[in-house]
1. State which stretch of the chain is the longest one without any exposed chymotrypsin sites (Phe, Trp or Tyr not before Pro), exposure meaning a DSSP loop state and at most 11 other Cβ atoms within 10 Å.
2. Quick one: Asp94, Asp65, fewest Cβ neighbours within 10 Å first, how do they rank?
3. Would you work out which of Leu106, Tyr119, Gln78 lies farthest towards the positive end of the dipole of the chain, given +1 charges on the beta-carbon of Lys and Arg and -1 on that of Asp and Glu, about the Cα centre?
4. With θ set to phi - 60°, apply the Karplus curve 6.51 cos²θ - 1.76 cosθ + 1.60 along the range 61-70 and write out the HN-Hα couplings as whole Hz, x wherever there is a Gly or Pro.
5. Relative contact order for the range 14-133: what is it in percent, counting Cα pairs under 8 Å that are at least 6 residues apart?
6. Based on a Kirkwood Rh over C-alpha pairs, give the Stokes-Einstein translational diffusion coefficient of the chain at 10 °C and viscosity 1.306 mPa s in µm²/s.
7. Okay, helix-only estimate at 222 nm for the chain: each DSSP H run of n ≥ 4 adds -39500 (n - 2.57), divide by all residues, round to 500 deg cm²/dmol; what do you get?
8. Taking only Cα atoms, what is the 0 to 90° angle, nearest 10, from helix 75-93's long axis to the longest principal axis of the chain?
Amino acid sequence: MPKTEKKFIYATGKRKSAIARVRITPGTGKITINKKDIAEFYSLETLKAVVTRPFAVANMMEKYDVIATVKGGGFSAQASAVAHGISKALATIDLDTRTALKRSGLITRDSRVKERRKYGLKKARKAPQFSKR
């Protein structure tokens, strides 16, 4: 009896300290993040829009199911990490999709992270108040 494997595409997305492992399978457009439905995981519509944007740009709105595992960062960074992972996975499917995603800036990793604190300062750049006397 031959094994029937379900074909999927795997990619990782990153933003700040959030890392998302994304698995895309052909399906109906169901998005699951950390074993929860997207509506249950994100209450804000803006974050749901961030996650689904790669599908809208690639014109593949309800063609693939997404299973994502996200760790680290905050809600916004996690949403961007999932979107980055979805974009990378969709880019491997079709070359035309890759150009559209690249043009809208979804494949490029956003490398902005919090700057480290320096000694003698209160934060990365904030200095203690100066007084002449």
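1. Value returned for the longest uninterrupted segment is 1-118.
2. Taking fewest neighbouring Cβ atoms as first place, the list is Asp94, Asp65.
3. After comparing all options, I get Tyr119.
4. Ordered by residue, 3J(HN,Hα) equals 3, 10, 9, 10, 9, 10, 10, 10, 10, 10 Hz.
5. Normalised by residue count, the contact order of the range 14-133 is 33 percent.
6. The diffusion coefficient I find is 97 µm²/s.
7. Here the helix-only value at 222 nm equals -10500 deg cm²/dmol.
8. Helix 75-93 sits at roughly 40 degrees to that axis.
Where a number appears in this text, it was derived from the coordinates with a stated rule and is not lab data. Quick caveat: nothing in here was measured; it's all calculated off a predicted structure. Methodologically, a virtual Cβ is constructed for each residue, glycine included, from the backbone with ideal geometry; neighbour enumeration extends over all protein chains shown.
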